[in-house]
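Remarks on the structure that follows.
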Amino acid sequence: MESEPLLSAADKSWCADPDFNSLERAPRTGSYSSVASSGGGALLQGDVRAPNLEEANGNADESLYVNQAVVFIEDAIQYRSIDHRVDQNSLQLYRWWYSDPCQWIINVTIFVNLALAFVEKPSSLTLTSDVRYRKAAWEPPCGLTEGIELVTFLLFIADLSVKSYLFGWTEFMKNKWLLGYFLALSVSFADWTVSLCFMCREGVRIRRLLRPFFLLQNSSLMKKTLKCIKRTLPEMGSVMLLLALHLCLFTMFGMLLFAHAKDSKVDVEWSRYFRNLPDSLTTLLVLLTTANNPDVMIPAYSLNRAYCLFFIIFSVIGSLILMNLLTAIIYNQFRGYLMKSVQASLLRRRLGIRAAFEVLAFYRVVASPSREETACVDCETFIKVLEKVKLDAYCKMAIIEQAKRSAGGVLSAERFQKIFDELDKDPVRQHPPRPVYQSRCLQILQILGSHRYFDYLGNVVALANLLSICVVLMIDAEKSGSDRDDFSLGAINCFFILYYVLEMALKMFSLGIKNYVSYTSNIFDGVLTLILLVLQICTFAIYSFPRPDWKPDMQGLLSLWEMVRLVNMFIVFRFLRIIPNIKVMALVAGTVLDLVKNLRAFAGILLVVYYVFAIIGIDLFKGAIPNPRNTSSSGEAPGNETLSCGSFEQLEYWPNNFDDFAAALVTLWDVMVVNNWQVFLDAYSRYSSPWSKLYFVAWWLVSSVVWVNLFVALILENFIHKWDRSYRQQTAALAQSQQVEYHMTVQLMFREDLEEPTDEELLDRLHHHPHLHLSR
């Protein structure tokens, strides 16, 4: 469940209004009061508060406080909301439901529910989607996919029920995602019942459109991304309005310039592109994406060179100015999106940790009323709690070590938060010691094999290998198999593979096998070297050793040339080892890796959009593209002699259709790329309806205009931040940071720009917790 925005201090601040909700205050600063509950203990759900500390002390339950703290810390680790029930039974249910096995089951259920579209009617289980060669697909019997779908519904109902109970009825009614979850399940189950009543022969299945919602509601990152997109839509709408105005004005100008004339030679532009208003709008809309440029201009330009000004001005204003302005607006709105996401995650983490601190601090007061009531936590109690927390062993040990260093054996609130910074760090891999050799010659050989210049030599050899392959391929590019110089390429491969084997052996000798495999780069090189060695041995076994008259015939599964080509492909992969040694290339590669890690939410939203549009496309255009072998129109004559150049039929785009889910996804991808997307507009307007253009234009706006621009904006944000950071790291501080025990993760990429929440803000949020009551 996603947390609410940080409450305004002026509106709902407990600190500003101590009598908020008429809560009783303890007589001394730092004291606590508890909630009377059947489970006993301090921070429990309920509305009646214990009048004094002694009454709470009588109901103290150590296991309850410990479990509360454990759950809050685990919420902080996973960046989850803490607005859930905190009684003993609810905590056990919460930990069990959010355990890895249960969440894995939910994720698999979502995947299965989405994947049903490939199997259910119309099935995608055919070798090809081409209407000319596609055979009848296997259709599952009625009840098979519906039975699987019912199982997924039951698991979703269980998920919704558990979440509703854990977060409470009040929070359930406030949360739009949980309400939408309930509504989607209700509609899906009703539609599922209708399918069975009609024996799976109903025309439209509404529940197929609702399936992506189950993916959305299970990802907080995707929810945040949707909120950002929603905030960006008003600014995007202004540019869209300018684009629409620009398109309409130039459509009018185009229809006036290229009006119907008596001369057929002059009339070509009108007959092809500006015959009527829909065709004119479509023509210029496609030109906005440059997909039909310069085709649309040629008929008029061939008559008078001045006509080119119309198309150039349209493209400059639309494609170069307005479309790039749209990208700039989206970038401006999404600039700092990753930082904002990390800021929200930081707030959740700090809030969960502070809640754990408050629970343990109250337990300390309850357990020993004679102690000074300063808000702090005993290290012994904290370590007991941490032992139960699901956390990586190395991180748990680091936090325990930090806790043991605390003065007086207690942790203050600030110190309690500080030691959890270890959560944001990854351990530096400790490499095993190198072997020690007594012989002077072996020591010299070890120094040579482990020196960084030996790695540089390996990069030079890999570059030389790649260049030699390119030269041989260029020489033999147009030669037949009988004329190809297999001996040269085979001998070159033998030489370089022998070097790679010797290099791997020398590194293993110098570093030791355990030390060698502790480096990812060595594992990469070693695996590729072993693959190359195995392939080369197979080549020798089948075709013998290279020689000048080395022209064996086809033997076995692969010809000699195919075997050599396979070896060369892996050699090209080995060339990637130079990337970490080139700073700019390493920076770009690092940006790509960071994008892969942080763009899961955007990829998920794109998947949702693809899924919805594919289902709609199947409902609208299933069977719209006919099999040309079953038609006898003159436009589909054999040999394509009478087909229009660039048409759907002439280009043989027959596999691009909406006859099944898999084909629909590929068709949508082809349209999103906008290369020749006017072909789809024309074909489906002829085979289906002229109104089909609205579907493809809507898909272009959502996918190519909105999502692609969001993707570009995030690439710019990530790369610019990483570029600036790379220059700051070239200072002397970099040398010191490389000596610390941990490396920072992506979560800390924007940490220096984040604003730490204050104690007042954290306590204010905890004070408004629906099930956790503080009176401090």
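Residue count for the stretch 106-143 under the criterion of being surrounded by 14 or more Cβ atoms within 10 Å (Cβ to Cβ) and farther than 19 Å from GLY617 by Cβ: the result is 8.
The lone criterion from (1) within 22 Å of PHE613 (Cα to Cα); (2) of a type outside the set (Gly, Ala, Ser); (3) touching a residue at least 24 places away in the same chain (Cβ under 8 Å); (4) part of a loop (DSSP other than H, G, I, E, B) left unmet by LEU125 is number (3).
The condition of being in contact with a Gly (Cβ under 6 Å, 6 or more places away or on another chain) and modelled with pLDDT of 85 or more holds for only one of ALA664, ALA614, ALA624, that being ALA664. Checked against (1) closer than 24 Å to LEU681 by Cα; (2) touching an Asp or Glu at 6+ places or on another chain (Cβ under 9 Å), MET255 passes all but a single condition, namely (2).
Mind checking which residues of the stretch 294-312 are part of a helix (DSSP H, G or I) and free of Cβ contacts under 8 Å to residues at least 40 places away in the same chain?
We begin by selecting, within the stretch 294-312, every residue part of a helix (DSSP H, G or I); these are 298-303, 305-312.
Answer for the stretch 294-312, where residues must be part of a helix (DSSP H, G or I) and free of Cβ contacts under 8 Å to residues at least 40 places away in the same chain: ILE298, PRO299, TYR301, SER302, LEU303, ARG305, ALA306, CYS308, LEU309, PHE311, ILE312.
Picking from residues in the stretch 647-685 that are β-branched (Val, Ile, Thr) and open to solvent by less than 20 Å² (accessible area, probe 1.4 Å), the one that is nearest to LYS622 (Cα to Cα) is THR667.
Residue count for the stretch 280-310, restricted to those that are farther than 26 Å from VAL706 by Cβ and either in contact with a Phe, Trp or Tyr (Cβ under 7 Å, 6 or more places away or on another chain) or of a type in the set (Phe, Trp, Tyr) (or both): 6. For TYR65, are the conditions met, namely being of a type in the set (Ser, Thr, Tyr), closer than 22 Å to ARG350 by Cα and under 28 Å from the mean Cα position of the chain (by Cα)? Taking the combined requirement at face value, the residue does not satisfy it. All of SER280, SER238 fail the test of being among the hydroxyl-bearing types (Ser, Thr, Tyr), out of contact with any Pro (no Cβ under 6 Å at 6 or more places or on another chain), open to solvent by 50 Å² or more (accessible area, probe 1.4 Å) and assigned to a helix (DSSP H, G or I), apart from SER238.
Answer yes or no as to whether ASN89 is assigned to a helix (DSSP H, G or I), at pLDDT 85 or above and surrounded by 14 or more Cβ atoms within 10 Å (Cβ to Cβ). Judged against the criteria, ASN89 is not a match.
Restricting VAL572, VAL567 to those that are open to solvent by 50 Å² or more (accessible area, probe 1.4 Å) and at pLDDT 65 or above reduces the list to VAL572. From the list SER186, SER220, SER161, the lone residue that is surrounded by 19 or more Cβ atoms within 10 Å (Cβ to Cβ) and among the small types (Gly, Ala, Ser) is SER220.
Got a sec? Which of ASN657, ASN675 is on the phi < 0 side of the Ramachandran plot, of a type in the set (S, T, N, Q) and modelled with pLDDT of 90 or more? Matching residue, one of ASN657, ASN675: ASN657. Any residue that is part of a loop (DSSP other than H, G, I, E, B) and either at pLDDT 85 or above or of a type in the set (Phe, Trp, Tyr) (or both) - is there at least one of those in the stretch 404-424? Within the stretch 404-424, one or more residues are part of a loop (DSSP other than H, G, I, E, B) and either at pLDDT 85 or above or of a type in the set (Phe, Trp, Tyr) (or both). Taking the stretch 164-181 as the range and being hydrophobic (A, V, I, L, M, F, W, C), farther than 21 Å from SER99 by Cα and surrounded by 15 or more Cβ atoms within 10 Å (Cβ to Cβ) as the test, the residues that pass are PHE172, TRP177. The single condition from (1) under 30 Å from ASN332 (Cβ atoms); (2) without any contact (Cβ under 8 Å) to a residue 12 or more places away in the chain that GLU235 fails is (2).
Applying the condition of being out of contact with any helix residue (DSSP H, G or I) (no Cβ under 7 Å at 6 or more places or on another chain) and not hydrophobic (A, V, I, L, M, F, W, C) to the stretch 143-169 and asking which residue is farthest from ARG80 (Cα to Cα) yields GLY143. Within the stretch 182-202, the set of residues being in contact with an Asp or Glu (Cβ under 8 Å, 6 or more places away or on another chain) and either free of Cβ contacts under 8 Å to residues at least 60 places away in the same chain or among the charged types (D, E, K, R) (or both) comprises TRP192, VAL194, SER195, LEU196. As a summary of the residue check, PHE214 satisfies the conditions (1) surrounded by fewer than 19 Cβ atoms within 10 Å (Cβ to Cβ); (2) of a type in the set (A, V, I, L, M, F, W, C); (3) under 14 Å from VAL608 (Cβ atoms) except for the one numbered (1). Of all positions in the stretch 331-348, none carries a residue that is of a type in the set (Gly, Ala, Ser), modelled with pLDDT of 85 or more and out of contact with any Gly (no Cβ under 9 Å at 6 or more places or on another chain).
For every residue, the table says whether it meets (1) on the phi < 0 side of the Ramachandran plot; (2) of a type in the set (Ser, Thr, Tyr); (3) modelled with pLDDT under 80; (4) more than 36 Å from the chain's Cα centre (by Cα).
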site	(1), (2), (3), (4)
ALA464	yes, no, no, yes
ARG484	yes, no, yes, yes
GLU503	yes, no, no, yes
THR529	yes, yes, no, no
ILE542	yes, no, yes, yes
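Run down ALA601, ALA589 and say which single residue is under 26 Å from SER345 (Cβ atoms), at pLDDT below 85 and buried (at least 17 other Cβ atoms within 10 Å of the Cβ). Of the residues listed, the single one that is under 26 Å from SER345 (Cβ atoms), at pLDDT below 85 and buried (at least 17 other Cβ atoms within 10 Å of the Cβ) is ALA601. What about GLN747, is it in a helix (DSSP H, G or I), open to solvent by 40 Å² or more (accessible area, probe 1.4 Å), closer than 30 Å to LEU607 by Cβ and at pLDDT below 75? Taking the combined requirement at face value, the residue satisfies it.
The values are calculated or read from the model by the stated rules, or taken from the named source; none is laboratory data. Keep in mind that this is a model prediction, so the values were computed, not measured. Using ideal geometry, Cβ is built from the backbone for each residue, glycine included, and neighbour counts are taken over all protein chains shown. What goes into the accessible areas is simple: the full protein's heavy atoms, side chains included, and nothing from ligands, DNA or RNA. Shrake-Rupley method; radii C 1.70, N 1.55, O 1.52, S 1.80 Å.
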